[in-house]
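Only one structure is covered here, and it is reproduced in the block below.
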Amino acid sequence: MATASVAFKSREDHGKRIELDEARKAGLAPAEVDEDGNEINPHIPQFMSSAPWYLNAERPTLKHQRKWKTDPDYTKSWYDRGAKTFQADKYRKGACENCGAMTHDKKACVERPRKLRAKWTSKNIAPDEKIETMELDYDGKRDRWNGFDASSYKHVIRRYEAREEARNNYLKEQELKKFENDDSLKVDEAKVDESKQMDFAKVKKRVRTTGGGSTGTVRNLRIREDTAKYLLNLDANSAHYDPKTRSMREDPLPDMDPNEKFYGGDNQNRVSGQALDFKQLNIHAWEAFEKGHDIHMQAAPSQAELLYKSFKINKEKSKSQTKDIAMEKYGNAVTDEEVLPRELLLSQSEKEVEYDRAGRIIKGQETALPTSKYEEDVHVNNHTSVWGSWWKDHRWGYKCCQQRVRNSYCTGAAGIEAAEAASDLMKGY
């Protein structure tokens, strides 16, 4: 069927037209406008949106899909629903006995039946309805919303908005009270809450068309300000990056300082945390299956995990039994002999100390240096220096008297003179 768009188009123009249609369907480009200025839904097929050739339409339109041939006898009427005219002060003859209106009788009255009707009390007389005589067509007779005033629904919207606002205020007050009473919820101001960083990767689509598009958001895989992992090291021989799975298992910067490194490869996560436990669980399932146990990690994961837990418990029990047997046979040197001070045991401690980059202590107390088990600065046999404070001719001695015999009595200056005389005598020989 020939259409209005019969002009010749090149391959480039045809490709651009297809790209524009795809962008309109995705909501990234504004919708096309017809002759009357109305937007055309981009999801409508071309055979419906293209007008026939005999209409001489210069641009796509949906006018041919409507009743574009006007009927002179066609009338569209709109009446005032619920409109009132005159309201009397007392009951009138021939009016409704229930409410007192002249436009209907007791049988057609829609008000609640009164205990004392208006005919006998002449009070609270209802106003007369506005009666209109009009010729409605087929659609007009069956129009449920003919005469409906949309502004009459505003009070319902206001009521729901007020209730929602009061509910939000109440929830905020409860959260503030809970935060003030619970000290465990207090966090450091320097730390950023992770929940506040969840909106970092939202990209909103600004174009909203008749076709709908996506009014939500698109979540990316990383923060846009961060450098992509494949740009950390542009060397061709560096870590391999798989663009299909967006993975880089090796470390792209292996020579970089670990304290300043932000990304160390995907294998860093594969060998830490729960991933390592899951790997050990798989290895245990394979080894147990090779030894004849009916166990399969994918078919019965709960059974495999339970057996692995029982295996670890039995392994710990066997280790403790082996340790007890060895201690019973050879004894325990720690309990039998004198216990050394805690600071002398391999110079280790369980005290946690946190340092900054400059080496200053941020948290904890600095570990004390281990002391010697020998007494310090103790002088025996009238010496004023310790043994080993003097060295000459590959022999140790006391500095105060220059004697080379350990535990000898100090002779003071006389010993120094005797040592010098002995050395001069040895030189003469």
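The values are calculated or read from the model by the stated rules, or taken from the named source; none is laboratory data. Everything numeric in this text was worked out from a predicted model, so none of it was measured. Here the Cβ positions follow ideal geometry from the backbone for every residue, glycine too, while neighbour counts run over all protein chains shown.
The residue that is nearest to ARG66 (Cα to Cα), counting only those in segment 31-53 that are surrounded by 15 or more Cβ atoms within 10 Å (Cβ to Cβ) and in contact (Cβ under 8 Å) with a residue 24 or more places away in the chain, is ALA51. Just so you know, in segment 259-274 the residues that are surrounded by 13 or more Cβ atoms within 10 Å (Cβ to Cβ) and small (Gly, Ala, Ser) include one that is farthest from ALA239 (Cα to Cα), and it is GLY264.
If you scan segment 246-258, which residues turn out to be surrounded by 12 or more Cβ atoms within 10 Å (Cβ to Cβ) and either of a type in the set (A, V, I, L, M, F, W, C) or not in a loop (DSSP other than H, G, I, E, B) (or both)? Before you say what the answer is, go through the steps one by one.
Initial filter on segment 246-258 (surrounded by 12 or more Cβ atoms within 10 Å (Cβ to Cβ)): 246-254, 256.
Residues satisfying the conditions are SER247, MET248, LEU253, MET256.
Can you confirm whether segment 411-429 contains a residue that is surrounded by 10 or more Cβ atoms within 10 Å (Cβ to Cβ) and either at pLDDT 85 or above or charged (D, E, K, R) (or both)? Yes, segment 411-429 contains at least one residue that is surrounded by 10 or more Cβ atoms within 10 Å (Cβ to Cβ) and either at pLDDT 85 or above or charged (D, E, K, R) (or both). Close contacts from segment 296-323, counting a first residue that is surrounded by 12 or more Cβ atoms within 10 Å (Cβ to Cβ) and a second that is among the hydroxyl-bearing types (Ser, Thr, Tyr) and at pLDDT below 90, with Cβ to Cβ under 6 Å and a gap of 6+ residues or different chains, come to none at all. Please determine whether any residue of segment 359-373 is at pLDDT below 60 and polar (S, T, N, Q). No, segment 359-373 has no match at all. Where the second residue is at pLDDT below 70 and surrounded by 10 or more Cβ atoms within 10 Å (Cβ to Cβ) and the first is within 23 Å of GLU260 (Cβ to Cβ) and lies in segment 345-365, which pairs have Cβ atoms under 7 Å and are six or more apart or on separate chains? Going by the 7 Å Cβ cut-off, the qualifying pairs are VAL353/THR367.
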